[in-house]
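Visitor: So that we are looking at the same thing, I have put the structure below in structure tokens.
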């Protein structure tokens with residue numbers, strides 16, 4: 001049974017074609033094939049067909065009229081959005097969780113593309129696409145986080161190897177690498193009486209040190225590049241005037257925000273990052289809960305550290321705002337930190353949108369650290 005469109009959906013299609021001058025087209029994106037769904041106004045029929053990836057790009061290039069493409073948020077959605085716009089089309093990126101409401105119980109490519117088509121005709125809010133520069137900057141942070149994770153894994157493995165041979169290297173922050181080096185040296189000396197054991201352990205030692213040194217070098221290279229970029233970018237320099245925001249956090253904020261016009265408000269940007277509180281309620285009673293686990297995790301980590309440093313320094317030196325002083329009497333410290341994270345993201349949105357430095361007189365919550 002072919003899916004039918006409601007009168008509202010038909011009217012929305014007609015509005016897009018006649019008033020906006022674009023024909024809505026839904027695409028279910030995959031690595032090898034694309035499922036295309038659109039309404040043929042001449043035949044009054046909903047078309048739904050599959051194209052190979054190469055054929056799909058030919059379909060886009062040779063389109064007889066401007067299309068409004070609707071796609072689900074996925075790994076290649078930003079690239080596809082930029083490609084569509086370069087060919088004179090428009091694109092809406094839809095959250096997959098919102099599209100799910102328009103699907104029936106079964107699942108295949110045709111059903112998915114039909115659901116995307118119905119979702120893009122409704123009031124589902126789209127996700128702003130990233131520019132190429134912002135996407136590459138976000139990729140830098142992704143690669144750096146992965147390298148840091150691998151470095152930590154290798155350190156933990158080295159701890160385990162030493163512990164198996166009766167040596168406790170300990171874990172004391174920046175001194176960890178030095179303690180592991182000393183631990184391997186002590187273990188190597190303990191095997192001097194056994195040439196076979198010494199040979200085996202020597203191979204392990206060289207491998208561990210090579211991995212740690214290589215990872216540390218790559219992490220330092222990326223950090224230096226981020227610092228160099230942030231120090232030469234005017235937007236990032238403006239962001240660093242916000243209390244608690246360093247150069248690396250400023251670059252991450254700039255990469256996530258991009259053009260402020262992509263977001264209709266500061267709260268929309270906070271929700272995009274994942275620092276907006278969950279609001280729930282019924283019967284006239286509204287409850288404000290914690291922040292969501294979704295969003296840009298690397299940026300949330302940076303904002304958390306910045307907010308924690310700001311609050312700790314402000315409490316120590318007595319420079320916190322009256323709002324923070326009042327909340328410290330009734331709220332837990334981490335609740336206040338999350339509130340400061342939210343406010344830092346909102347201030348960053350305003351700073352980038354207005355193209356100016358942080359102005360303390362316009363903010364009652366965040367005060368400059370003196």
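A quick yes/no check of all residues on (1) over 16 Å from the mean Cα position of the chain (by Cα); (2) without any contact (Cβ under 8 Å) to a residue 12 or more places away in the chain; (3) under 30 Å from residue 206 (Cα atoms):
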site	(1), (2), (3)
75	no, yes, no
80	yes, no, no
98	yes, no, no
103	yes, no, no
123	yes, yes, no
141	no, no, yes
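Visitor: Another one. Within the stretch 35-86, work out how many residues are in a helix (DSSP H, G or I), under 21 Å from residue 118 (Cβ atoms) and in contact with a helix residue (DSSP H, G or I) (Cβ under 7 Å, 6 or more places away or on another chain).
Guide: Result for the stretch 35-86: 1.
Visitor: Please work out if residue 338 is in contact with a strand residue (DSSP E or B) (Cβ under 8 Å, 6 or more places away or on another chain), touching a residue at least 60 places away in the same chain (Cβ under 8 Å) and either outside any strand (DSSP E or B) or farther than 24 Å from residue 362 by Cβ (or both).
Guide: Values: in contact with a strand residue (DSSP E or B) (Cβ under 8 Å, 6 or more places away or on another chain): yes; touching a residue at least 60 places away in the same chain (Cβ under 8 Å): yes; either outside any strand (DSSP E or B) or farther than 24 Å from residue 362 by Cβ (or both): yes.
So residue 338 passes the test.
Visitor: Test each condition in (1) farther than 30 Å from residue 128 by Cα; (2) not in a loop (DSSP other than H, G, I, E, B) for residue 169 and report the one that comes out false.
Guide: (2)
Visitor: For residues in the stretch 265-297 being surrounded by fewer than 15 Cβ atoms within 10 Å (Cβ to Cβ) and within 12 Å of the chain's Cα centre (by Cα), which is nearest to residue 334 (Cα to Cα)?
Guide: Restricting to residues being surrounded by fewer than 15 Cβ atoms within 10 Å (Cβ to Cβ) and within 12 Å of the chain's Cα centre (by Cα), the top hit is 293.
Visitor: Given the conditions (1) in a loop (DSSP other than H, G, I, E, B); (2) at pLDDT 90 or above; (3) not assigned by TED's automatic domain parsing to the domain that holds residue 48, and given that residue 144 satisfies all but one, which numbered condition is not satisfied?
Guide: All conditions are met except number (1).
Visitor: So which residues in the stretch 1-31 are surrounded by fewer than 17 Cβ atoms within 10 Å (Cβ to Cβ) and part of a loop (DSSP other than H, G, I, E, B)?
Guide: Within the stretch 1-31, 1, 2, 3, 4, 6, 21, 22, 30, 31 meet the criteria.
Visitor: Could I ask something else about it? Being closer than 18 Å to residue 33 by Cα and under 29 Å from the mean Cα position of the chain (by Cα) is the filter here, so list the residues in the stretch 55-71 that pass it.
Guide: Residues satisfying the conditions are 56, 57, 60, 69, 70, 71.
The values are calculated or read from the model by the stated rules, or taken from the named source; none is laboratory data. The structure presented is a predicted model; accordingly, all values stated were derived computationally and were not measured. Because the Cβ atoms are built from the backbone with ideal geometry, glycine has one as well, and the counts that use them run over all protein chains shown.
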